[in-house]
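Here is the structure we will look at.
Values quoted throughout were computed directly from the atomic coordinates according to the rules given, and no laboratory measurement underlies them. In this text, all values refer to a predicted model and were calculated from it rather than measured experimentally. FYI the Cβ positions are ideal-geometry reconstructions off the backbone, even for glycines, and counts take in every protein chain you see.
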Amino acid sequence: MTKTINFPLQFINLWLTLMLVWVFANGTLAQDTLIAGAVISAVIALAFAAFARVYSFVRWTPKVIFYYLLYLGVFLLELTKANIYVMRLVFARRIDIEPGIVEIKTELKSPIGRLALANSITLTPGTLVVDIQGDSLFIHWINVSATDPVAATREISARFEKYLKVVYG
């Protein structure tokens, strides 16, 4: 049985997600910035929703909406915490870090779910997704505190993934 693609819902979901990222990344609600973000987000959402077929169908149930809002809250909290952590490193008299690349595992099956997880990790200062292979994400971590994939997954992505599983599968 093939999944049916619901173009309007896909487009709106991705467009809203991209707009939120745009607003947070720019840090302003200026009209010209919002218009530019709306246009750019719409073009990207249109490309993914209409042509890529990568974007999975999201069933907008109350549970999914609730978990999506929880995810956004967790993302904003983790973004704030990571910014403060990196700021402390920058202003420290002595920077004592151990950067490196670690592997984490994801249980997300949909490509858009993995993309959302990778973007969540990359947008959080101190971590950068450098490669995705199957269910593994390879992450450059500014201060490696765990090299075991299970422990690294718990520290880096678990806080996002439990919500993204409900939203994107």
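A few points about this structure:
- 14 Å beta-carbon shell around D148, net charge (K/R +1, D/E -1): 0
- The stretch 70-169: C-alpha gyration tensor shape, a/c 1.5 cut-off, then a/b vs b/c: oblate
- Antiparallel DSSP beta bridges within the chain, percent to nearest 5: 100 percent
- Residues V90, V23, V129, ranked from the fewest to the most other C-beta atoms within 10 Å, line up as V90, V23, V129.
- Taking each residue as 0.36 nm, the span from L89 to L70 lengthens on full extension beyond its C-alpha to C-alpha distance by 4.0 nm.
- Rg and Dmax of the chain, based on Cα coordinates, read 17.1, 60 Å.
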